[in-house]
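The values are calculated or read from the model by the stated rules, or taken from the named source; none is laboratory data. Remember, it's a predicted structure, so these values are computed and weren't measured experimentally. Cβ coordinates were reconstructed from backbone atoms using ideal geometry, including for glycine residues, and neighbour counts include every protein chain displayed. Heavy atoms of the whole protein, side chains included, go into the accessibility calculation; ligands, DNA and RNA do not. Shrake-Rupley method; radii C 1.70, N 1.55, O 1.52, S 1.80 Å.
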Amino acid sequence: MKLSHLVVGLTLAFGFVAGAAAQTTMKINISTAQNSHQGVAIDVFAKEVEKRTNGRYKIQTFYQGSLGAERESIEAVQLGTQELTFTSTGPVPNFVPETKILDVPFLFRDKAHARAVLDGPIGQEMLTKFDSKGIKALAWAENGFRHMTNSKRDVKVPEDLKGLKMRTMENPVHIAAYKGFGIVPTPMAFTEVFTALQQGTVDGQENPLSVIISAKLDQVQKHLTLTGHVYSPCLFLMNKAAFDKLSPADKQAFVAAAKEGTKANRARVDEDDAKGVADLRAKGMTVIDNIDKAKFVAALAPVNAEFEKQFGKANLEKIRNYK
Ligand code: EAX
């Protein structure tokens, strides 16, 4: 054997052993399909973590609730039986009550406003509230603005919502607010929603276009109204102990990878918002896209007075007026 071959052989053998010994695999999951705004978020995150740690960390991705629904997954991350999850903030107030304020309806003007608040001091400060709960919040991402769908009737004015039995997220702010519309809220995990709509257990649900499209809810819902009644943030969450074990450089790599995931996620939400209505109309949904939003805001005035007491008017104004 030539010396050069020997060197190559040894290098390969050594490299393989060293690589194999150093590789750690972690899991991350979402409730929606891989082909969705959440799928691109975790796919980009996984790719970026691998790239930025030279393959020392490998992220396994799980879609469509196959590893558990959002609340269960946050629990698993908190316990450390799962390293990572990407979740909406729906069930998050049950873990970190400080996030509740973001779920107040009609708080954000548009996505740019919401993203600026989350990326600015208010949102960044909120990420630190997870630390004491055994969770490291790596970055905000999003679902987008939520809209109402149902199988019964066109919703043009708030009165049309009265008596509709709607699935909601397991979120105390949403539940209180939707009661203000006269909706009968039925909280459940997203993984159960399609079947519940199909079987008529509930009349409707509310979600951003990105979720409605990727979960094919048009197959079980006829009426969509662009209510945009609440912004729906998402989060990259990691078990705190697992994060703390990383080297300083790897910590940075994980945070940077989550931020790249967020970029891809937001771009996809923008794309879905741009073509979603035409897409859903083509699939047979009736879409009301010209409501008088002031009427929906006015319908929630009594509930909003409650929220002002609960969260403090000044705190809500600080978010509302953030530029
Ligand atoms: O995160 O539960 C929900 O309606 C969420 O928007 C959905 O799971 C995507």
Checklist entry - Can you work out the FRET efficiency for the pair Val157 and Lys58, with r the C-beta to C-beta distance and R0 = 51 Å, to the nearest 0.05? => result 0.45
Checklist outcome for this item: Amide H contacts under 5 Å for Ser232, restricted to residues at least 5 apart in sequence or on another chain and with H modeled in the peptide plane, are Asn143, Gly144, Phe145, Arg146
Next on the checklist: Once each part is reduced to its C-alpha centroid, what is the distance from region 112-127 to region 302-323 in angstrom?
Outcome noted: 16 Å
Next on the checklist: What number comes out for accessible area per residue over region 169-258 if the probe is 1.4 Å? Units Å², please.
Outcome noted: 32 Å²
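Treating only the Cβ atoms of Lys and Arg (+1) and Asp and Glu (-1) as charged, compute the dipole magnitude of the chain about its Cα centre; round to the nearest 20 debye.
About 320 debye.
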Item to check | Pair Asp131, Glu271: separation of 7 Å Cα→Cβ label points (nm) | outcome: 3.6 nm
Item to check | Fraction of beta bridges assigned by DSSP in the chain that are antiparallel (%, nearest 5) | outcome: 60 percent
Checklist entry - What ³J(HN,Hα) values, in whole Hz, does the Karplus curve 6.51 cos²θ - 1.76 cosθ + 1.60 give for region 51-62 when θ = phi - 60°, with x put for Gly and Pro? => result 5, 6, 10, 6, x, 6, 10, 10, 10, 8, 10, 10
Checklist entry - Of Asn171, Asn290, Asn265, which is the most mobile in a GNM of the chain whose springs link Cα atoms less than 10 angstrom apart? => result Asn290
Checklist entry - Hey, with R₀ at 35 Å, roughly what FRET efficiency would Lys283 and Ile175 work out to, going by the Cβ-Cβ distance, to 0.05? => result 0.75
Item to check | For Thr24, distant residues with modelled amide H under 5 Å away | outcome: Tyr57, Lys58
Checklist entry - Based on the alpha-carbon gyration tensor of the chain and its eigenvalue square roots a ≥ b ≥ c, which shape applies: rounded if a/c is under 1.5, prolate if not and a/b is larger than b/c, or oblate? => result prolate
Checklist outcome for this item: Looking only at aspartates and glutamates whose Cα falls under 13 Å of Lys162's and that sit 8 or more positions away or on another chain, we get Asp154, Asp203
Checklist entry - Which whole-number percentage describes the relative contact order of the chain, with Cα contacts under 8 Å and a sequence gap of 6 or more? => result 25 percent
Checklist entry - Rounded to a whole number, what % of the accessible area of the chain do carbon and sulfur atoms account for, probe 1.4 Å? => result 55 percent
Item to check | 222 nm mean residue ellipticity, helices alone, for the chain (DSSP H n ≥ 4; -39,500 (n - 2.57); rounded to 500) | outcome: -14000 deg cm²/dmol
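Determine the gain in length on full extension of the stretch Gln252-Glu317; use 0.36 nm per residue of separation and subtract their C-alpha separation, reporting nm with one decimal.
That works out to 20.1 nm of additional length.
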Next on the checklist: Compute a Gaussian network model of the chain, connecting alpha carbons closer than 10 Å, and tell me which residue from Asn35, Asn239, Asn304 fluctuates the most.
Outcome noted: Asn35
